Every structure is written in structure tokens, then in C-alpha cells.
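Here is the structure we will look at, set down as C-alpha cells.
What follows draws every value from the coordinates through simple rules; no lab data is involved. Just so it is clear, the structure is predicted and the values come from calculations on it, not from any experiment. Cβ placement follows ideal geometry from the backbone for every residue including glycine, while neighbour counts extend to all protein chains displayed.
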Amino acid sequence: MTSAETSTSETGSAATQLVPCRFSWDELDSHDARDLWKELIEWVNWLRATYQTDTKIKPCWYRHRPAREELTALMVSHKAVYRTDPESAETYREDLTAWHTQWLRSSLDALARMMADCTRDGCAHVKPQAIVVDPEMDQFVTDDVGRRSNTGAPASGSAVGSR
Ligand SMILES: [Zn+2]
């Protein structure tokens, strides 16, 4: 994904420019990354203290890229629920419970797995390795595309995903 892509709506008639949100780590400059680190660290410190999550969110969480992404998403969803416009501030709502049951609990389980081998005093983080790309993938895609019509209709008898 590039920093700005053009996408058409479902009708295909209007073009909409898509830009990265400010929580997209790979696309932040140093200033924005520093701001997001500050915001995330404050929020994670609050989360760890409030929910006593030390067995699941270890002190080394910031070293683990997947944990950083998971916690960023969890923070954004938390703020989306707990912050509202002034007119809605007194409204009884159920999405606060949904944040706990749908997002927090499953994220804590995922975070615990990510840092299962880390302790309070030591991090088991290993440097990520490059992903393996199957050398046959390009030919597979070329063959799949070649079986399709160029009229916009789906290919007849196409068995996408099979060999
Ligand atoms: Zn660790």
C-alpha cells in the first residue's frame, strides 16, 4: 500500500483518496512516531496498572512489534468508545462492555502468547526474520490471471487457489 491510494466506491463512479491513519506505524515520520509512542506508552501504563496485566503484558512489550500493533489497535478502540461528543456524554451505552468482552479479553490472550517466554526481568524477543516467499507464487498468479477473461466477467471454470 502506498501512502496515498485512489480507490473507487462500490458504484465505481466516484474516486476516493485513501490516506494512512495516524496509527499506521509504517507510514509515520519521526515526529508523528514520537507522538504516537508517547500516547501509546501512557495508555499501556494505564492499562497495565488498571487491569493488573503483568502476567500478560510484560514490561518489554514495546520491543515486540506485534504487541505494539495489537496495543495500538486496542488503544484506538478504547478511545473510540470512551471519548464522545459532549451531547452523548451522559448517554447510557453498551459499547463499553463490548470493548471489554470483544477487544480487551482477546487482545490480552494474544499478547500473553506473544510474550509467553518473557519475564519481568528478561525479554525473549528475537529479531524478526525475513518472510519466505514461495518462488512459484509469481507463476501461479500469472497462470491465474491468464485464465480469466478481460471483459470484467469472472472466468468460467476457474479454480482459483487450486493447483
Ligand atoms: Zn519480551
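Just a few scattered comments:
- Paramagnetic reach from Val133 in region 44-66 [backbone N under 18 Å; point 7 Å along Cα→Cβ]: none
- Highest mean first, the peptides 41-51, 130-140 sorted by other C-beta atoms within 10 Å per residue fall in the order 41-51, 130-140.
- Peptides 53-60, 79-86 ranked from most to least packed give 53-60, 79-86, packing being the mean of other C-beta atoms within 10 angstrom over each peptide's residues.
- 10 Å-binned pair-distance histogram of region 26-114 (Cα, whole percent): 15, 47, 29, 9, 0
- Here region 26-114 is assigned +1 on the Cβ of each Lys and Arg and -1 on the Cβ of each Asp and Glu. Its dipole about the Cα centre then comes out at about 600 debye.
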